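Contents: one structure, followed by commentary.
The values are calculated or read from the model by the stated rules, or taken from the named source; none is laboratory data. Please read these numbers as outputs of a predicted model, since none were measured by experiment. Here the Cβ positions follow ideal geometry from the backbone for every residue, glycine too, while neighbour counts run over all protein chains shown. Quick note on the areas: whole protein, heavy atoms, side chains included, nothing else; ligands and nucleic acids left out. Shrake-Rupley method; radii C 1.70, N 1.55, O 1.52, S 1.80 Å.
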Amino acid sequence: MAKTGIEQLQKSTYFRAMDYWLLIPVLCITLIGLTVLNQVMAVRFPDAYPAIFYKQAGAALVGLMMALLLSVFEVPTLRLIGWMIYGVSVILLVVVLVDNFSMEDQWGADRWLNLPFIGSFQPSELTKIGLAMVSAMIFEAMQHQRIKNWQGFIALLSIYAVPIMLILRQPDFSTSMVLVFMFVCMLFIWGLRWRYVLLGLSGAVVALPLAWLFYFQPYQKNRILTFLYPGHDPDASYNLIQSRLAISSGGLAGSQR
């Protein structure tokens, strides 16, 4: 009876501690995405339906199960899992550059692996999870003064620099900027002072013209111009224009035409 009471207490504590403000919106977005995918695949791509839908639904279910599984682990175990995910993602990023599989002819970059039973897989997506977990550990250690701030920042720069350089070699500038933005957001939540934020923004303003002149490729410049001036190049704005047409014709409930 005592054991049963302890188990009930642990379960009630677990469900009370769960962040429903995060969980419920994520579940709703996932269900909406699967519903839209099911309708689109059934109407527009009947040859691939329902195999692709089952694959995506299975991936969503596996992700949910893994998230629930991770939530029951203690912090030391999560630290180990975070470093394992980070290490595996870095290894896979190296494999992307040296394996014989490439989709560069189709997508202009070599970012994917061809895995058995899974198909094409982008290791940089796994990197985001590993970096988020490892960064949280370092920020937490800095917050509780288990390590000095300068030591923590050196560690953070080191763990971010390795995957970002590998991703830039693919090349995948957009994903590398996502990682930088993720780091900046975590740094701000950790407690970075506003003067450092303004200093960083000033540095970005100075660096942007230099990047435009000496780093950005023509297609990258075209994407930025398309974002700022959607009508300047109809070919480059095709996806944006089509998305607006789809939203305007489908409305809130969507359309199967």
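Is there a residue being of a type in the set (Val, Ile, Thr), under 30 Å from Ala51 (Cβ atoms) and open to solvent by 10 Å² or more (accessible area, probe 1.4 Å) anywhere in the range 122-135? The answer is yes; a qualifying residue exists.
Condition check for Phe216 on (1) at pLDDT below 85; (2) exposed (fewer than 11 other Cβ atoms within 10 Å of the Cβ); (3) more than 19 Å from the chain's Cα centre (by Cα): one failure, at (2). Could you check, for the range 229-240, whether at least one of its residues is in contact (Cβ under 8 Å) with a residue 12 or more places away in the chain and hydrophobic (A, V, I, L, M, F, W, C)? Yes, there is a match, as at least one residue in the range 229-240 is in contact (Cβ under 8 Å) with a residue 12 or more places away in the chain and hydrophobic (A, V, I, L, M, F, W, C). Taken over the range 114-160, the residue count meeting the criterion of being among the basic types (Lys, Arg) and assigned to a helix (DSSP H, G or I) is 1.
Which one is nearest to Ile189 (Cα to Cα) among residues in the range 148-167 that are surrounded by 14 or more Cβ atoms within 10 Å (Cβ to Cβ) and of a type in the set (A, V, I, L, M)? Across the range 148-167, the extreme among qualifying residues is Leu156. Can we say Gly108 is out of contact with any helix residue (DSSP H, G or I) (no Cβ under 7 Å at 6 or more places or on another chain) and either modelled with pLDDT of 90 or more or open to solvent by less than 70 Å² (accessible area, probe 1.4 Å) (or both)? Yes, satisfied.
From the list Ala211, Ala155, the one residue that fits, being over 23 Å from the mean Cα position of the chain (by Cα) and within 30 Å of Val95 (Cβ to Cβ), is Ala211. For Pro163, the conditions (1) in contact with a Leu (Cβ under 9 Å, 6 or more places away or on another chain); (2) under 26 Å from Asp110 (Cβ atoms); (3) without any contact (Cβ under 8 Å) to a residue 40 or more places away in the chain are fulfilled apart from (3). Name the single residue, out of those in the range 17-74 being of a type in the set (D, E, K, R) and not in a helix (DSSP H, G or I), that is surrounded by the most Cβ atoms within 10 Å (Cβ to Cβ). The residue in question is Asp19.
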